[in-house]
Amino acid sequence: MSHAPAAGVNRVDVEAPAKVNLFLRVLGRRDDGYHELQTLVAPIGLADTVSIRAGRDADARELSLSLSLEGEPALTQSVPADGSNLVLRAARELAEAAGVHGFAEVRLHKRVPAAAGLGGGSSDAAASLRALNELWGCGLATDELSAIGARVGSDVPALLADGPALASGRGEHVEAVPLPGFSCAVVMFDFAVSTADAFGWWDDDGGETGPDPQPSLATLTAGEGGGAWLEALRSGARNDLEAPVMKRHPVIRRVRDRLLERGAGAAIMCGSGPSVAAFFAEGGRLDESVAAELAGMSGRPVVTAGSWTPKAGA
Ligand code: C5P
């Protein structure tokens, strides 16, 4: 594909999937205030839609960016529509890096709640970077987009991987990994947890790092899926932010425990929480009556049909 600067106006609709963390290990606090981590991330079917109309204008003095939000008020009201939105920050960073003069109009249909541990804002930013790289004809490679994404948010590089990925550093080192297909349900809550707070609570509580997930990693990434895979996830995977976040929000622990009692193969808090993902073998799903009970505990409908399906030939 050629990457000559795009003339005229182009538009595209792209999906920005939520992510779940299969494990998240916090290794320690760094001098810059961020935390060194190791995490295994997978995109799932629940997704925002990012619709972008964009073009270049060599005569334009300024970059013109606009953003409008769509979706249920409960989802959009906590999302900023100004320049602090990660989509507009990503667009501005990309335009600066690639010397773009022109415009972008973004419509963002939210389905993934903000500050839920599901990477919603970061995924919107990742999808926008990929789309604008094409629409503006910037021609940047994925590692260049990833470096720009890391300036916008620590989760953005992993979400640019467009599939399961191991992330380390503060999130900027990303390695794509294979994962067998799985099904999951996601319990979301009617409250948010700020990522900065979750890492701060980890510090305050003495900063415990879980066991090295390396022994389970081979089974998780090379396994066939099904029972052995779920067992490796259940026994070897943990999220070091769970204990400090659950201590402040005990309902998350009650939901996690209930999911395990009611048949989930594994149940792990997503990122810095509060959402909890319940994992099943491919095709499995959470019983509707359990989903209704959990929605009563969490204050939000449970997404029962999340999944990761490897791409054909991957
Ligand atoms: O990178 P991002 O803006 O998403 O991070 C939000 C906050 O989460 C940071 O300001 C920092 O307090 C915390 N964080 C961290 N270590 C990471 C990622 C995020 O301490 N690896």
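Quick note: the coordinates plus some simple rules give every number you see, no bench work behind them. Because the structure is predicted, anything quoted here is derived from the model rather than measured. Positions of Cβ are generated from backbone atoms using ideal geometry, with glycine treated the same way; all protein chains shown enter the neighbour counts.
Taking each residue as 0.36 nm, the span from Glu288 to Arg11 lengthens on full extension beyond its C-alpha to C-alpha distance by 95.8 nm.
How many percent of Cα pairs in the stretch 70-155 exceed 15 Å? Looking at the stretch 70-155, the distances longer than 15 Å represent 55 percent of pairs. Averaging the sequence gap over all C-alpha pairs within less than 8 Å and six or more residues apart, then dividing by the number of residues, gives the stretch 1-74 a relative contact order of 37 percent. When the GluC sites (Glu not before Pro) in the stretch 1-107 are filtered for DSSP coil states and for at most 13 other beta-carbon atoms within 10 Å of their beta-carbon, the remaining sites are Glu62. When the P(r) is computed for the chain, the part past 25 Å accounts for 49% of the Cα-Cα pairs. Once the trypsin sites (Lys or Arg not before Pro) in DSSP loops with at most 12 neighbouring Cβ atoms within 10 Å are cut out of the chain, the longest remaining piece is 62-310. Below 8 Å, C-alpha to C-alpha, sequence gap of six or more: please give me the relative contact order for the chain in percent. About 22 percent, as a whole number. With kT/(6 pi eta Rh) evaluated at 10 °C and eta = 1.306 mPa s, and Rh the Kirkwood radius from Cα pairs, the stretch 26-169 diffuses with a coefficient of 101 µm²/s according to Stokes-Einstein.
For the residues Leu159, Leu88, Leu67, a GNM of the chain with alpha-carbon springs under 10 Å puts the largest fluctuation on Leu67. Here the chain carries DSSP beta bridges of which approximately 85% are antiparallel, counting only pairs with both residues inside.
Between Gly273, Gly33, Gly102, the Gaussian network model of the chain with springs among Cα atoms under 10 angstrom shows the greatest mean-square fluctuation at Gly33.
In deg cm²/dmol and to the nearest 500, what is the mean residue ellipticity at 222 nm of the chain if only DSSP H runs of at least 4 residues count, each as -39500 (n - 2.57), divided by the residue total?
Calculated at 222 nm, the ellipticity per residue is -10000 deg cm²/dmol.
Highest mobility in the GNM of the chain, judged by mean-square fluctuation with C-alpha springs under 10 Å and restricted to Ser51, Ser66, Ser168, is found for Ser66.
Give, as a single signed number, the net charge of other residues whose beta carbon lies under 13 Å from the beta carbon of Met188, with Lys and Arg counted +1 and Asp and Glu -1.
With Lys, Arg at +1 and Asp, Glu at -1, the neighbours total +1.
Qualifying GluC sites (Glu not before Pro) in the stretch 221-314, where qualification requires a DSSP coil assignment and no more than 14 other C-beta atoms within 10 Å, comprise Glu224.
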